[in-house]
Amino acid sequence: MSGTSNTKFGFTKLLVDNLEASASFYESVCGLVETGRVDATIAGRNIREILFAPGHEGGATFVLLKFLDAPKPANDEVILGFTTDDVDAFVERAKAAGGAVAQPASTLVEHGVKVAFVTDVEGHLIEVAQPL
């Protein structure tokens, strides 16, 4: 692919309604570390963002974003994916932080993972996988 050799996936921005509650969830459940906050404008609309450090070297940045002039965003337009060495502990942390279990953990030998689906405090779906 010519012209794309310097292109890398760098970040994901999740649209949320309550920045503080969402930040607390992702910090406590996923161990994300906040690196900064931004107030800016995108296409004439005021926004507020909370940025988190990549989970590993070379990884993408995770950003929570709120359009200040918009009603609560849809929560079914993206499925976030996290990997862990303990799916069951992740699910318990999600429940303790105000999330819910969407699908209990199951082992998918054919894919080499144990996987569960939870929701965050705003109902965004999260798939969490543990390599076998």
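Please enumerate, by chain and number, the lysines with C-alpha under 19 Å from the C-alpha of LYS66, excluding those fewer than 8 residues away in the same chain.
LYS13
Calculate how many DSSP beta bridges within the chain are antiparallel, expressed in % of all such bridges and rounded to the nearest 5. Intermediate values should be presented prior to the final figure.
Numbers: 27 of 37 bridges.
If we restrict to bridges inside the chain, about 75 percent are antiparallel.
Can you sort HIS56, HIS124 so the residue with the fewest Cβ neighbours within 10 Å comes first? Mind showing how you got there, number by number?
Details: HIS56 8, HIS124 22.
Fewest to most other Cβ atoms nearby, the residues stand as HIS56, HIS124.
Once you order the gyration tensor axes a ≥ b ≥ c over the Cα atoms, which shape class does the chain get: rounded for a/c under 1.5, otherwise prolate or oblate by comparing a/b with b/c? Could you put the intermediate results ahead of the total?
Numbers: a/c = 1.96, a/b = 1.29, b/c = 1.51.
Since a/c reaches 1.5 but b/c is at least a/b, the shape of the chain is classed as oblate.
So what is the calculated 222 nm ellipticity per residue for the chain, using -39500 (n - 2.57) for each DSSP H run with n of 4 or more, over all residues, to the nearest 500 deg cm²/dmol? Can you show the working numbers first?
On the way: 2 runs with 22 residues, N = 132.
One gets -5000 deg cm²/dmol as the mean residue ellipticity at 222 nm.
Normalising by the residue count of the chain, find the relative contact order in percent from Cα pairs under 8 Å and 6+ residues apart.
On the way: 255 pairs, mean separation 30.2, N = 132.
This gives 23 percent for the chain.
Given a Förster distance of 30 angstrom, what is the FRET efficiency for ARG48 paired with GLU92, based on the Cβ-Cβ distance and rounded to 0.05? It would help to have the intermediate numbers written out before the result.
Details: r = 30 Å, r/R0 = 1.01.
The calculated FRET efficiency here is 0.50.
Sort segment 2-75 into rounded, prolate or oblate with this rule: let a ≥ b ≥ c be the square roots of the eigenvalues of the Cα gyration tensor; rounded if a/c is under 1.5, and if a/c is not under 1.5, prolate when a/b is larger than b/c, oblate otherwise.
Values: a/c = 2.18, a/b = 1.21, b/c = 1.80.
Oblate shape, in that a/c is at least 1.5 and b/c is the bigger or equal ratio.
Want the number for THR7 to ASP76: 0.36 nm per residue separation, take away the alpha-carbon distance, what's left? Numbers along the way, then the final one.
Details: separation 69, 0.36 × 69 = 24.84 nm, distance 2.75 nm.
In short, 22.1 nm is gained.
Readers should treat all values here as calculations from the given coordinates under stated rules, not as data from a laboratory. It should be emphasised that the depicted structure is a prediction, and the values quoted were computed from it without experimental measurement. Here Cβ is always computed from backbone atoms with ideal geometry, including for glycine, and neighbour counts include all displayed protein chains.
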